[in-house]
Amino acid sequence: MDTEKFTDKFYEKYGNRNEKPVLFFSPGRVNLIGEHTDYNGGFVFPCALNYGTYLSVRKIKSNKLKFSTLNFNSDEVAELNGLFVNTGKKWINYPLGVINEFLKKGITIEGMELLYFGDVPNGAGLSSSASIEMVTAVALNELFSAGLSTLELVKMSQKAENEFVGMNCGIMDQFAVGFGRKDHAIYLNCDTLLYENVPIILNDCSLVITNTNKRRGLTDSKYNERRAECDKAVEQLQIYMPIRNLSELTTGEIPLLEKHIQDPVVRQRAKHVISENGRVLEAVKVLKEYNIIRFGELMNESHDSLKEDYEVTGIELDTLVYEGRKLPGVIGTRMTGAGFGGCTVSIVRTKDSARFMKELSVVYTKKTGLVADFYQPEIGNGAGKLDN
Ligand code: GLA
């Protein structure tokens, strides 16, 4: 990203070259392991990417909020006059939801000109939404001297997504995007919110992200359905044991599900959550021992469980994963994010990664008629101000 050019685009849009806008960046994220565990009080292991959302912003003497983006043709204006309401399926719901959270805290917000640019693909399971929310949150925090902590900004962004946008997500995405650290993944306990930055040392291997480019239609409703199924599992288990969430059960207790949960589908969902939580614990342990081979096996098991027990994959993700596993140099490969489309994340020997991308691309198109995109990301820092 050429920050000077971006600032220039800002002037082209809003004029007045005498007042420099302030520049912020918030990454997207990829989750290495620990899927659909966050809203079950479990562990996750995501990292921030070097792709994300840039925001150039300047205060103006008016009660207008002017929004624009370089990603598509869209100029929007909202007036500061009490709390905002959802404006239908518009992208500005993400920033407006965050601005609302500031207003609800009694923080005075003035007029602004805002220009966004995202280089993380939208709706692809790499947290483009959390990235837009957090870049807005860090910018407002700085511009209006709100003095809020990163954790507070993370929670406000999650709330914006839950209550304003209407997606009942857990805390993983906003947390990863807020607390990311270069070359580290975040080992986060979503119940206590205690976390540890774990170095990702892959030696002769690299991360490859593959986008199915499948349009994600029903993701939100299916996601909310899975959440409800987990709640049901907890309710039934609570008859026999004093638990608050599924992650309080260990993998050794999985056989109890057979006895205590009647509905086979609800039982399967609970099994995924508990086994996945166990996999995160082991994955972080083996990674610290530089056992990348076992880490890869756990990634594979994670995908299998998301396919068989949680049923959130689909033909596109499964084709990438199961065809990918046949290729040389693949250490582990799995879907990442909510599922139903979006991306896979793979660990591949660096010397084999070009061949992996080429061959997988061919077989994927042959089997699905879609064209996959590949990214070789770096692990970056969390949201913050940039120099421009
Ligand atoms: C989406 C949600 C997260 C998390 C993942 C699944 O990315 O936003 O909170 O639940 O799905 O692990």
Would you tally the residues in region 1-38 being farther than 22 Å from N381 by Cβ and among the polar types (S, T, N, Q)? 3
Checklist (1) more than 16 Å from the ligand (Cβ to nearest atom); (2) of a type in the set (D, E, K, R); (3) in contact (Cβ under 8 Å) with a residue 40 or more places away in the chain applied to D352, failing item: (3)
Suppose we filter region 98-124 for residues that are in contact with a strand residue (DSSP E or B) (Cβ under 7 Å, 6 or more places away or on another chain), crowded, with 21+ Cβ neighbours inside 10 Å and of a type in the set (D, E, K, R); how many remain? 1
Sort out for me the strands (runs of 3 or more DSSP E) sitting completely within region 1-97 that have 2 or more residues that are within 23 Å of Q174 (Cα to Cα) and either open to solvent by 20 Å² or more (accessible area, probe 1.4 Å) or within 16 Å of the ligand (Cβ to nearest atom) (or both). 22-31, 46-59
Test for S131: is it farther than 20 Å from P27 by Cβ and among the hydroxyl-bearing types (S, T, Y): no
Of the conditions (1) away from the ligand (no atom under 15 Å from the Cβ); (2) modelled with pLDDT of 95 or more, the single one that I209 does not satisfy is (1)
Just to be sure I understand, how many residues within region 293-344 are aromatic (F, W, Y) and in a helix (DSSP H, G or I)? 2
Can you tell me which of (1) open to solvent by less than 20 Å² (accessible area, probe 1.4 Å); (2) farther than 22 Å from Y39 by Cα is the one H272 doesn't meet? (2)
For region 1-57: of the residues being touching a Cys at 6+ places or on another chain (Cβ under 9 Å) and polar (S, T, N, Q), which is nearest to M112 (Cα to Cα)? N31
Per the list (1) within 13 Å of the ligand (Cβ to nearest atom); (2) of a type outside the set (V, I, T); (3) farther than 27 Å from L65 by Cβ, residue check on L193 breaks on (1)
Here's a check for you: in region 159-174, which residue that is touching an Asp or Glu at 6+ places or on another chain (Cβ under 7 Å) and more than 10 Å from the ligand (Cβ to nearest atom) is least open to solvent (accessible area, probe 1.4 Å)? A160
Give the number of residues within region 292-312 that are open to solvent by less than 60 Å² (accessible area, probe 1.4 Å) and closer than 27 Å to T350 by Cβ. 11
Considering only region 132-153, I want to know if a residue exists there that is open to solvent by less than 20 Å² (accessible area, probe 1.4 Å), part of a loop (DSSP other than H, G, I, E, B) and not aromatic (F, W, Y). no
Could you please tell me which pairs satisfy a Cβ distance under 6 Å, a separation of 6+ or placement on different chains, a first residue in region 373-388 that is closer than 21 Å to F6 by Cβ and at pLDDT 95 or above, and a second residue that is open to solvent by less than 20 Å² (accessible area, probe 1.4 Å) and of a type in the set (S, T, N, Q)? A383/S26
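The values are calculated or read from the model by the stated rules, or taken from the named source; none is laboratory data. Source: prediction; values computed, not measured. As a convention, Cβ positions derive from the backbone with ideal geometry for all residues, glycine included, and neighbour counts pool all protein chains shown. We work out accessible area using only protein heavy atoms, side chains counted, and drop any ligands, DNA or RNA first. Shrake-Rupley method; radii C 1.70, N 1.55, O 1.52, S 1.80 Å.
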